[in-house]
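This report concerns only the one structure given below.
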Amino acid sequence: MIKRTITFCLLLMSVFPQLADASQVLKGYWHYREFLSHNPDQQMLTDKMVKTVRRDPVPLTIKQTRPITISVVFPGQQISDYWVRNIKAFELRMQELGIVYQLNQVFTRPNVDARELSLSLMEAIKANSDYVIFTLDTTRHRKFIEHVLQSSKTKLILQNITTPVKAWDKRQPMMYVGFDHELGTARLFDYYQKLEPAGSEYSVLYYSEGYISAARGDTFIQSLQTLGRYRLASSYYTKATEASGYQATLNIVKNHPNIKFIYACSTDIALGAIKALKELKRQDIVVNGWGGGSAELNEIAKGDMEVTVMRMNDDTGVAMAEAIKWDLEGKPVPTVYSGGFEVVTKNDSLDRVKRLEKWAFRYSDR
């Protein structure tokens with residue numbers, strides 16, 4: 001019997017952006033490929049997981065004595081459907097694997113009030129959940145994770161991050177799983193440098209202040225700076241919402257009317273930017289997406305979004321289910337796993353996009 005409890009935490013947020021400074025956040029992390037190159041055993045485990053995710057499920061080989069308990073705390077209340085699709089793919093794969101479980105979900109907004117978030121997480125630990133699936137973006141997240149690692153037998157799966165924390169080398173979470181932000185950003189960097197001529201000015205719309213902004217935003221800026229032929233006109237932290245992306249874009253165009261493109265670090269921010277540019281009749285300014293969920297693909301199809309890096313979305317839900325299966329069977333679990341990417345542009349054929357959607361959403365579209 002599968003029990004599901006879904007709690008929605010609502011939070012009002014300011015929409016006004018602030019000018020962003022270069023982040024030093026990534027210095028405390030192993031880069032995805034760097035970590036694997038220094039750990040050959042982990043490389044083999046990750047390669048095995050990559051192959052397993054692409055294959056049909058093989059049911060659990062042991063008999064469970066009780067249902068396992070899993071608590072999930074996700075920032076699912078946003079336009080991007082990544083998180084909702086992810087958990088659906090996870091559950092369907094768990095069922096195919098024959099794992100009996102109880103799932104408790106908490107969907108929050110990005111930048112949710114820290115106290116509310118902490119209460120939800122502590123409830124999961126006090127309930128002696130076997131596994132907690134969480135994320136790591138802010139300092140508050142990190143403090144909670146460190147508490148769990150030090151004082152609980154609960155096993156942690158960190159979603160939407162694939163770069164292990166260096167300071168936790170003696171005791172890492174069970175798994176980091178997601179779509180590596182730096183690898184995805186590199187795909188967008190390759191596209192922009194071919195699309196935009198030398199001398200182009202651009203602006204960056206960060207996510208909220210934290211890890212994602214550093215991995216997607218700072219990495220992009222630093223990559224363009226190495227070319228020496230583009231000028232960063234401005235950069236803004238947002239509240240990771242459509243409204244904040246809209247407001248920031250109005251400010252950007254007002255202060256820098258000659259920019260050629262806006263690099264957006266997430267779906268909601270990109271959609272806000274597109275809305276603002278339409279109002280200003282400045283569709284000549286290019287905007288990208290990040291993630292390639294349904295909302296972004298709709299904008300691509302309309303020609304309002306130039307490009308996105310599309311995650312093969314359900315890969316990570318499948319990987320989490322397989323990791324729990326391996327753990328129950330007493331097999332080693334890879335510390336890191338990143339799902340696959342594809343670049344999708346407004347010039348792509350409908351057939352190609354449909355093929356990618358069929359694979360990326362193979363579970364979550366059921």
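The values are calculated or read from the model by the stated rules, or taken from the named source; none is laboratory data. Worth saying up front: this structure is predicted, and the values here are computed from it rather than measured. Methodologically, a virtual Cβ is constructed for each residue, glycine included, from the backbone with ideal geometry; neighbour enumeration extends over all protein chains shown. Areas reflect the complete protein model, heavy atoms only, side chains present, ligands, DNA and RNA absent. Shrake-Rupley method; radii C 1.70, N 1.55, O 1.52, S 1.80 Å.
Data table
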{"quantity": "Residues satisfying the stated conditions in segment 229-244, i.e. aliphatic (A, V, I, L, M) and either more than 14 Å from D268 (Cβ to Cβ) or free of Cβ contacts under 8 Å to residues at least 12 places away in the same chain (or both)", "calculated": "L232, A233"}
{"quantity": "Single unsatisfied condition, K27 versus (1) assigned to a helix (DSSP H, G or I); (2) modelled with pLDDT of 95 or more; (3) open to solvent by 80 Å² or more (accessible area, probe 1.4 Å)", "calculated": "(2)"}
{"quantity": "Verdict on F220 being within 17 Å of H181 (Cα to Cα) and hydrophobic (A, V, I, L, M, F, W, C)", "calculated": "yes"}
{"quantity": "Condition check for S208: open to solvent by less than 50 Å² (accessible area, probe 1.4 Å), modelled with pLDDT under 95 and of a type outside the set (A, V, I, L, M)", "calculated": "yes"}
{"quantity": "Filtered residues of segment 172-213 (kept if under 13 Å from the mean Cα position of the chain (by Cα) and among the aliphatic types (A, V, I, L, M))", "calculated": "V177, L183, I212"}
{"quantity": "Pair list, Cβ < 8 Å and 6+ apart or interchain, from segment 19-35 residues that are within 15 Å of S235 (Cβ to Cβ) and among the hydroxyl-bearing types (S, T, Y) to residues that are modelled with pLDDT of 85 or more and assigned to a helix (DSSP H, G or I)", "calculated": "S23/S213; S23/A214; S23/G217; S23/D218"}
{"quantity": "Enumeration of residues in segment 50-97 that are among the charged types (D, E, K, R) and open to solvent by 20 Å² or more (accessible area, probe 1.4 Å)", "calculated": "K51, R54, R55, D56, K63, R66, D81, R85, K88, E96"}
{"quantity": "Condition broken by K281, with the remaining ones in (1) in contact with a Leu (Cβ under 8 Å, 6 or more places away or on another chain); (2) without any contact (Cβ under 8 Å) to a residue 12 or more places away in the chain satisfied", "calculated": "(1)"}
{"quantity": "Options R4, R55, R85; residue that is farther than 30 Å from E209 by Cα, of a type in the set (K, R) and at pLDDT 75 or above", "calculated": "R55"}
{"quantity": "Subset of segment 211-235 [closer than 18 Å to L250 by Cα and open to solvent by 30 Å² or more (accessible area, probe 1.4 Å)]", "calculated": "L232"}
{"quantity": "Given (1) at pLDDT 95 or above; (2) farther than 30 Å from M49 by Cα; (3) outside any strand (DSSP E or B), index of the condition L232 fails", "calculated": "(3)"}
{"quantity": "Among (1) modelled with pLDDT of 95 or more; (2) under 19 Å from N313 (Cα atoms) - the single one Q64 does not satisfy", "calculated": "(2)"}
{"quantity": "Strands (runs of 3 or more DSSP E) wholly inside segment 244-357 that include at least 2 residues being open to solvent by less than 10 Å² (accessible area, probe 1.4 Å) and modelled with pLDDT of 95 or more", "calculated": "261-264, 307-311, 336-338"}
